[in-house]
Structure formats: C-alpha cells, structure tokens
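Written out below as structure tokens is the structure these notes cover.
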Amino acid sequence: MPRVSTAATRSVFRRNQWALSLAQLFSGIGIATGFAVGGILAERLTGRTEFAGFAQTASILGAGILAVPLARLAVRRSRRLALSCGYTLALAGALLIVGAVTIGIDFLFFVGMGCFGAATAAGLQSRYAATDSAPEHLKGSAMSVVVWATTIGSVVGPNLSEPGARLGQALGIDPLSGPFVISIVVFALAVLCVLCMRTLTTVPHSSAEAEASGTPRLASARRGGTWRAIRRSPGALKGLLSVVTGHMIMVSTMVMTPLHMDHHGLGLELIGITIGGHILGMYGLSPFFGLLTDRFSASAVIALGQALFAVSLTLGLIDALGESSFVRLSIALFVLGLGWSACLIAGSTLLTTEIDDEHRVPVQGLSDAGMNFGAAGLAALAGPLLALGGFAWITAVGFVVLAVAVVVGIRARRRSQHTGEPAEMWNNQRP
C-alpha cells in the first residue's frame, strides 16, 4: 500500500467530514419530511387506521435489509459508491411514493417506503465512513460530528410539511405527496455531497487496478468470517450489543410514548414538545459523547449510556404506575435520547477500533442491520404490549433488553481479563 503524507491525510479527513456532514444534513431533512406525512398517506391509501404505522415499519425494514448489501458494496468498491447508491435508491423510493399516491396503488407506496429506508441505511454507514480517514485518537469525535449534523435535518424536516403540501398542490399532485418532492431534491443533494468524498484508507485489489480507477478499494473479507471476527473480540461484541440493544430500547419506548400521553389526556402540542426534546437528546450532544469516548474510553461511555437508559426507563415506569406527568415524560424522553447517543457513538467506535481491517466494514453493516431489524421487531411488539399491560410493560421490556446488554458486557470484560487480550475498552491507550 503506498505511503500517504500526514498533510494529505488531514486534507482528506477534513474534506470527508464536510461532505458527510452536509449529506447527513440533507438526508435528515428528506427523511424527517417524508416521515411526517408517511403515516397519514398510508391511512388514506389503505383506508385503514391500523396500517398507518406500516409506513415507518416498511422504512425501518428497508434500512435493515439494505445495510449489509451497502456494506458489501463498500468492501468491493468504495464508501463513496455505496453511500451514493444508498441515497440514490432513497431518491427512487421517494419518486415511487409520489407515483403510487398519484395513481392510488398502496402496494407501490409501501415498496417505495422500503426503498426510502435506504437513506437511513446510508446515514448510519456515514458515521463509520467518517472514521476511515480520521486519526486514531479522533475517531469518536469524527463520528459524532457527522451524527450531530442529523440534528438540523431532523428539526427542519417536519416544519417543511406545510410548504411541501403547498408545493404538491402547485405541481398538481396530492398535497401530502408534496413533502416527498422535497425529499427527492435533498436526496439528490446528498448524492452530490458524498460524490465529493476522497479515500486514503482503502486497499486496492492490485496496484494496476487502483491506478487505473483512481479509487482504492477496501480489502474483501473472507466469506463467513464476520461472526468469527466478532467472537474473537470482546470489545467488538460489547460494541455491537450496545448499538443494537440501545436502538431497540430507544425506538420501542419512543414510538409508544405519544400513545401513552394521548391516553392520559396530554394533547398534541405537549406530545410534540416531548418528541422534539427527545430528538435533541439523540443528536444535539453527540459531539460531547464523541469527546468523552476519545478522552476516556468507549467502555466508560457505554456504561454512561446504559445508566442513562436505566434512569429514563425508571422515570417511565413511575409515570406508568402513577399519575402521568408531562414534565416527567419530557425528562424521560430527553434522557432516553442521551442514552441512545452515548451507546451509538461509543459502541460504533469500538466496532471501528476493535475489528481488523479485513472484517471491519462487514461487521459495521451487520451492526446496522441488527439495529434496524431489532428495532422493527420490538416496535411491532410494543403495540400489543401497550394494549395488554400499559406503558409499564414497555418499560419492563426495555429493562430486560438493557440487562442483556449489561450482562454480556460484563462477561466480555471478564473474558478479556482472563485471556489477556488487549482491548481499547478496558485500557485507554491513545497515541
């Protein structure tokens, strides 16, 4: 592999940070704008209220299904190609949604929502792409900045629903499909941003091929070696579990909180404030958790995130067993977002630093698929659980998932200490 100067590495790092952050900003706008009206469109097309939630479920499943193929594409070709394909597929999904609404075919709408989930898959992969050219002691911070960029899109996106509806009306289509026209535009901008990326950390299949293409390639992992790579590394196993279980807890609790608040007479305005605070907790402080990860260790930040989850679930359980309180639920959802951010940043950093180059990208794709499939499964169970046992059952299941992550983390640490394997999560040895 040819040597690359430190100055060139820094230049590529800065360029990629800007490209990925802008792509995340545009993608966040497109995702949030579409999600704001997706459930309403699903209900209108199918004529059944119970199908309203299928729009988001289809998008989550789409993100999970596409996570591994996009990671494989990054391995065989480049991050730039994988991310651009992801955002392009999301753009095609938004086009399909507009067409399905126009001609009134609900099946095509849900297929489009599945493709729309490619934006989420690409956005999750972007946080790993941010670390590819980052110095070892700044990988957590590099990842957190890209995650933080999502904050802007998540806040701006829902507020574009009304302008999007007016745009749809002006274009002569269903007003509620207008927001997806905005998604089409911003996804195209996201594609342009990631095409500006450069790569220095990938390894070509051959020097001649690399010189001919101008784009180095990632080393291809041996088939079937992904799980073995995870099992060999206690740190990677803990990182994977923290990311997957943290996302499961966050999604299942977040999607049921508005229903819980509605059942206790808390209006849409208060629900909106609560969810807004939750989104702020998810993304707003991600650079802080990235700094903590780089300054101390990923293991410490994961423990902090799990403690925050425990506080949030406890507040939710108290609210479920007594008189519901807007203030208490708002704090619980804000802390829930903080816990998710801490576990995502620190866990993803472990998956980046504890896995060898050959298996790193496939493991990252597996992590993203696990996040989305786990969240979709638990979210699907959350409705029946809420109907059977109320919000208390939602928090109880959250505690069970959290306990699994904590126990596996403790066992991984004991295994590391027993085998004497060096791991960043136990020893903070920064260059």
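Taking region 113-156 as the region of interest, what is the percent of Cα-Cα pairs per 10 angstrom bin, listed from the shortest bin to the one with the maximum distance?
The distribution over region 113-156 is 27, 46, 23, 4, given as percents.
What distance in nm lies between label points placed 7 Å from Cα along the C-beta direction at SER11 and ILE273?
5.2
Using 7 Å Cα-to-Cβ label points, what is the ILE410/ARG166 separation (nm, one decimal)?
Roughly 5.8 nm, to one decimal.
Towards the positive end of the charge dipole of region 7-198, with charges on Cβ (+1 Lys, Arg; -1 Asp, Glu), say which of CYS193, PRO175, GLY112 has the farthest Cα.
Highest projection toward the positive end goes to CYS193.
Jot down the per residue volume, in cubic angstrom and as a whole number, of the convex hull over the alpha-carbon atoms of the chain. Display every interim value, and only then the final one.
On the way: hull volume 58.3 nm³, N = 431.
Each residue corresponds to 135 Å³ of Cα convex hull volume.
Convex hull over the alpha-carbon atoms of region 7-198: what's its volume per residue in Å³? Mind dumping the intermediate values first?
Values: hull volume 19.6 nm³, N = 192.
Taking only Cα atoms, region 7-198 has a hull volume of 102 Å³ per residue.
Just to confirm my numbers, what's the Cα centroid distance between region 258-294 and region 363-410 in Å?
Measuring centre to centre over Cα atoms gives 18 Å.
Compute, for region 7-198, the length of the dipole vector about the Cα centre, with Cβ point charges of +1 (Lys, Arg) and -1 (Asp, Glu) only. Units Debye, rounded to 20.
Here the size comes out at about 900 debye.
In nanometres, what is the gap between the two model label sites at ILE105 and ARG77, each 7 Å from Cα along Cα-to-Cβ?
2.7
At what distance in angstrom do the alpha carbon centres of region 319-357 and region 130-202 lie from each other?
Each part reduced to its Cα centre gives a spacing of 23 Å.
Where in the chain are the DSSP H helices whose alpha-carbon span along the long axis reaches 24 Å or more and whose Kyte-Doolittle mean is at least 1.0?
For the chain, where a helix must reach 24 Å along its axis and average at least 1.0, the hits are 54-76, 79-103, 139-156, 178-194, 298-321, 326-353.
Given the DSSP H assignment, sum -39500 (n - 2.57) over each helix run of at least 4 residues in the chain and divide by its residue total; what's the result at 222 nm in deg cm²/dmol, nearest 500?
Numbers: 17 runs with 343 residues, N = 431.
That comes out to -27500 deg cm²/dmol.
Within the P(r) computed for region 244-321, what percentage of the Cα pairs occupies the region above 22 Å?
For region 244-321, the share of Cα pairs beyond 22 Å comes to 31 percent.
Each reported figure results from applying straightforward, stated rules to the coordinates on display, with no laboratory input. Remember, predicted model here, so these are calculated numbers, not experimental data. Neighbour counts run over all protein chains shown; Cβ positions are idealised from the backbone, glycine included.
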